[in-house]
Amino acid sequence: MQCLFCKVDNDKVINSRTSVDGLSIKRRRECLGCGRRFTTYERIEESPLRVVKKDGTRESFDRKKILNGFLKACEKRPVSTDTLENIVNEIEREIYNKFDREVTASFIGSLVMQKLKILDAVAYVRFASVYREFKDISEFIDELKPLMTGEKKKKKDGGTDSRSISLQH
């Protein structure tokens, strides 16, 4: 495996762990050239799945795009990268369980929205504003109303503030 930092192809595996879902192996490696450490993931190669976009075009499914969407939505939020990786694994597993060859981008987007709504309200609104392409502030407020009424109800019932909710995977 080529080092991300010095590009030397000489490393040793320090630690290997199977993911929670059993579909990948996480390996912690140390470069014998520069001494820096990095992580790699080994996954089963599955049959190619295509994503059908809104405009009808098709492209290969890429889990990195989902992870990048989560990372952007959760930027500067109290959400760990491990939590996001686990959620992306859940989404990927659900997609491969339900679809053989093609999945719509809107199906993937709705799964991401569901997970973000549970995970972090601010991240959810960030993602929704881009995903749903809000045209004006009224559309934005319409999206916020259910979240705000849910917040008031939780606080009234003595529940926790959604900002303190964390997912356990």
Query raised in the report: Among the residues of the range 95-112, is there at least one that is aromatic (F, W, Y), more than 13 Å from the chain's Cα centre (by Cα) and within 30 Å of C3 (Cα to Cα)?
Result: no
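For the range 75-92, give me each residue that is assigned to a helix (DSSP H, G or I), surrounded by 13 or more Cβ atoms within 10 Å (Cβ to Cβ) and of a type outside the set (A, V, I, L, M, F, W, C).
Filtering the range 75-92 for residues assigned to a helix (DSSP H, G or I) gives 81-92.
Narrowing the set further to residues that are surrounded by 13 or more Cβ atoms within 10 Å (Cβ to Cβ) leaves 83-92.
Scanning the range 75-92 gives T83, E85, N86, N89, E90, E92.
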**Report entry** Looking only at the range 2-22, and only at residues there that are of a type outside the set (G, A, S) and surrounded by 15 or more Cβ atoms within 10 Å (Cβ to Cβ), the one that is farthest from the chain's Cα centre (by Cα)
**Finding:** D11
Requested in this report: Can you give me the number of residues within the range 133-169 that are among the basic types (K, R) and at pLDDT 70 or above?
Outcome: 2
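The values are calculated or read from the model by the stated rules, or taken from the named source; none is laboratory data. This is a predicted model, so every value here is computed, not measured. FYI the Cβ positions are ideal-geometry reconstructions off the backbone, even for glycines, and counts take in every protein chain you see.
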